[in-house]
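Single-structure report; data block below.
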Amino acid sequence: MSKRNTQQRRHTIVSMVNDKGEVSVDQLAKFFTTSEVTIRKDLAALEKNGLLLRRYGGAIAMPSEMVSEVEENVSVRKLAIAKAAAARIRDHNRIIIDSGSTTASLIGLLGGKQGLIVMTNSLSVANALNELEDEPTLLMTGGTWDPHSEAFQGQVAESVLRSYDFDQLFIGADGIDIARGTTTFNELIGLSRVMAEVSREVVVMVESSKVGRKIPNLELPWSNISTLITDDGLSDEAKQQIEQHGVQVICTASE
């Protein structure tokens, strides 16, 4: 089975676990003619999404009483935004993925893209990237851990970033001020601005419900932003006003 069929393989694993109740890593590796390392990554990813439970040497089906408690990690709108963002990434691109739930939804769509170099300041993003079968070259900013943003920040992180240049930055926002740009509750905005500074294209990924939220801290002015990817809940008037700042606006339709 091709590496590009990771999602199909994982779907089959879930079906096998649900049918049999339990499967072993060895059985799955032989069935798919792949390595046990690959299967363990599959099981880790499926467990994280609440689709099964790992056990020593394999996995078991998710108990029925727990299934109803599992929440979707990625909303339909976030997934549509992530798909539009992933479509802009080419093989061998050098990209930055900032911390945040919307940007994290991009990671599962990177499978099959070859030779990526990915920088992040988020441990959760780094761990998710490590679960991909086609693992990108992973770079971490380092720096000082900020519990509010759950990411590394500070001068060390900024210095590391300035040592590189990137094709694209994918970043979220707590709010969008139509007149000014992206806004945030976090007062630590220096790293975000350096990320934008070292990237040729800055792609903001945000749900339309955040447009119009004028949070006091301006993170990135429109002059630093290339593209805004949001959902079809954005009004035509807001879209036109943002485009007047020279920003490309992509409104995705939820499937």
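For the stretch 165-255, what is the accessible area per residue in Å², given a 1.4 Å probe and the full set of protein chains?
Working: 3900 Å² over 91 residues.
Per residue, the stretch 165-255 has an accessible area of 43 Å².
In the stretch 109-255, what percent of the accessible surface is made up of carbon and sulfur (1.4 Å probe, ligands and nucleic acids excluded)?
Within the stretch 109-255, the accessible surface is 46 percent carbon and sulfur.
Counting alpha carbon pairs within less than 8 Å and at least 6 residues apart, what relative contact order, in whole percent, applies to the chain?
So the answer I get is 15 percent.
What figure in square angstrom, to the nearest 10, would you give for the accessible area of Asp167 with a 1.4 Å probe?
Only protein atoms counted, so the area is about 40 Å².
So if I place +1 on the C-beta of Lys and Arg and -1 on the C-beta of Asp and Glu, and nothing else carries charge, what would the dipole magnitude of the chain be about its Cα centre? I want it in debye, nearest 20.
Around 540 debye, computed over the chain.
Could you work out which residue, out of Thr230, Thr33, Thr102, moves most in a Gaussian network model of the chain, that is, has the largest mean-square fluctuation with Cα springs under 10 Å?
Thr33
Just name one of Gly112, Asn127, Gly142: the one whose Cα is farthest towards the positive end of the charge dipole of the stretch 98-183 (beta-carbon charges, Lys/Arg +1, Asp/Glu -1).
Of Gly112, Asn127, Gly142, it is Gly142.
D for the chain, whole µm²/s, Stokes-Einstein with Kirkwood Rh over alpha-carbon pairs at 20 °C and 1.002 mPa s: what number?
This corresponds to a translational diffusion coefficient of 110 µm²/s.
Under a 10 Å cutoff between Cα atoms, tell me which one of Val204, Val125, Val160 has the largest fluctuation in the Gaussian network model of the chain.
Val160
If you place +1 on the Cβ of every Lys and Arg and -1 on the Cβ of every Asp and Glu, how big does the dipole about the Cα centre of the stretch 51-173 come out, in debye to the nearest 20?
300 debye
If you average 1/r over all unlike Cα pairs in the stretch 109-177 and invert the result, what Kirkwood radius do you get in angstrom? Intermediate values should be presented prior to the final figure.
On the way: mean 1/r = 0.0752 Å⁻¹.
Final number for the Kirkwood radius of the stretch 109-177 is 13.3 Å.
For the stretch 69-147 and the stretch 229-254, write down the distance between their C-alpha centroids in whole Å.
With the stretch 69-147 and the stretch 229-254 each reduced to a Cα centre, they are spaced 23 Å.
Of all accessible surface on the stretch 4-60 at a 1.4 Å probe, what whole percent is carbon and sulfur?
Whole-percent figure for carbon plus sulfur exposure: 49.
Report, largest value first, the span of the C-alpha coordinates of the stretch 170-255 along each principal axis, in whole Å.
33, 27, 26 Å, listed from the longest principal axis down.
The values are calculated or read from the model by the stated rules, or taken from the named source; none is laboratory data. Predicted model only: the values in this text are computed from it and were never measured. Note that we place each Cβ from the backbone using ideal geometry, even for glycine, and neighbour counts take in every protein chain shown. Each accessible area value is taken on the protein alone, full model and side chains, heavy atoms only, with ligands, DNA and RNA left out. Shrake-Rupley method; radii C 1.70, N 1.55, O 1.52, S 1.80 Å.
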